[in-house]
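Heads up, the thing below is written out as structure tokens.
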Amino acid sequence: MSNARKPNRIKWYRSPVPREQLSRLNQRSDFKGLLQTGGYLGLLLITGTGCVLAMLYAHWAIAIAVVLFHGTCYAFTINAFHELVHDSVFRTRWMNRFFLRIVSFLGVWNHHFFWASHTEHHKYTLHPPDDLEVVLPMKLKVRDFLLHWAIISPLPLWWRWRGVVNTARGKLGGEWGQYLFTQVKPESRQALHRWAWILIVGHIAIVALAILTGWWWLIVVITLAPFYGGWLQYLCNNTQHAGLVDNTNDFRLCCRTIYLNPFVQFLYWHMNYHTEHHMYAAVPCYNLGKLHGLIRDDLPSCPRGLWQTWRQIITIFQRQKEDPEYQFAAPLPVSAEAPLNHA
């Protein structure tokens, strides 16, 4: 990462929302935050309990199915973690930080790294080298999905824990990490390394407890849970920017909003409204549907369901094989705003 001066702040296009309505949408609620966070963690408690009972008493085929369902739900800890990093789920700040640390630990995530990276991602969305969190064109292969993410994820387990150990040893995680913690957030470097040690010590304690007590299922339902059953989260999360336009000042062209059924939307922490999230990042996730209702006439057509969404993405990828420079610019509705341009 060079030391070149950052560009001027990008003048993003945002679909107009009356100030009073936006102010209401920006309001955080401890009650709604608990419904989302408590509901999600409660679901993990239920599926984890189901895992234990199934592994101890059920037929092996039923046990595998229940364990994979637990992993499918557990994989969305990254989305819980993402929302809590935004500090917008709860009105009371300590509640946000408390649950952030819980989901960071459960999912083996370092919130200090993500906080630094994601701030740049929102300021400079898809404008490399100032956003290297997401870089287009994305390379998503069916083989990698099936072997690494869909059912069991041994390589992601190795990558994640290798990163944790390297961070604990004082390393910063490549070019992007070096840039973030030497130029953007150098004051957070010690906290970054300290949290890595907390992850290591905490999960070693879980493994030790499991061995000493014979509760081997603790390892399966907690420490290994982020690394199996990730198929649904993969299919949801990778729709956000895949195949779209980089170096543009219009979130409608570089982000994708999709429609999902209520249960998957809940698991996904409402990030199917991804264009809205980038336009107005202070709006809590549970209010994004209302925001979408206000601006839907100013957005491109939104795919319905993962099947329609991935048909669109795969069509884009196929064209990019023939034309590597191709990016899908979604047709925009006629707007009274000034013509848009690339930043």
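Laboratory data are not the source of any read-out in this text; all were calculated from the coordinates shown. Note that the structure is a prediction, hence the values are computed from the model and not measured. Because the Cβ atoms are built from the backbone with ideal geometry, glycine has one as well, and the counts that use them run over all protein chains shown.
Summing -39500 (n - 2.57) over the DSSP H runs of n ≥ 4 in the chain and dividing by its residue number, what mean residue ellipticity at 222 nm do you reach, to the nearest 500 deg cm²/dmol?
After summing the helix terms and dividing by residue count, I get -16500 deg cm²/dmol.
Any idea how many Lys pairs in the range 123-193 come in under 28 angstrom at the alpha carbon, given 8 or more places apart or on separate chains?
For the range 123-193, qualifying lysine pairs total 5.
With the cut-off at 1.5 for a/c, could you classify the range 30-189 from its C-alpha gyration tensor as rounded, prolate or oblate?
In terms of gyration-tensor shape, oblate.
Would you kindly state how much longer the chain becomes between Leu294 and Asp30 on full extension, computed as 0.36 nm times their sequence separation minus their alpha carbon distance, in nm to one decimal? Before the final figure, lay out the partial values.
Working: separation 264, 0.36 × 264 = 95.04 nm, distance 2.37 nm.
The span from Leu294 to Asp30 would gain 92.7 nm if fully extended.
Report the relative contact order of the chain, percent, no decimals, based on alpha-carbon pairs under 8 angstrom and at least 6 residues apart.
23 percent
Just to be sure I understand, if you calculate semi-axes √(5λ) of the Cα gyration tensor in Å for this structure, which of (1) 42, 22, 20; (2) 33, 23, 21; (3) 37, 24, 16 do you get?
Label of the calculated value: (2).
Could you work out how much longer the chain between Trp161 and Lys321 gets when fully extended? Use 0.36 nm per residue separation minus the Cα distance between them, nm to one decimal.
Between Trp161 and Lys321, full extension yields 54.3 nm more.
Under 17 Å from a point 7 Å along the Cα-to-Cβ line of Ile204: which residues of the range 161-177 have their amide N that close?
Within reach of a label on Ile204: 161-171.
So, in nm, how far is label Trp216 from label Arg311 when the simple model puts each one 7 Å beyond its Cα toward the Cβ?
4.6 nm
Rounded to the nearest 10 degrees, what's the angle between the helix 60-74 long axis and the longest principal axis of the chain, both from Cα atoms, 0 to 90?
The helix 60-74 is inclined about 40 degrees to the chain.
Hey, what do the phi angles of the range 248-263 turn into as Karplus ³J(HN,Hα) couplings, whole Hz, using 6.51/-1.76/1.60 and θ = phi - 60°, x for Gly and Pro?
10, 9, 10, 4, 5, 9, 10, 10, 10, 9, 9, 9, 10, 5, x, 5
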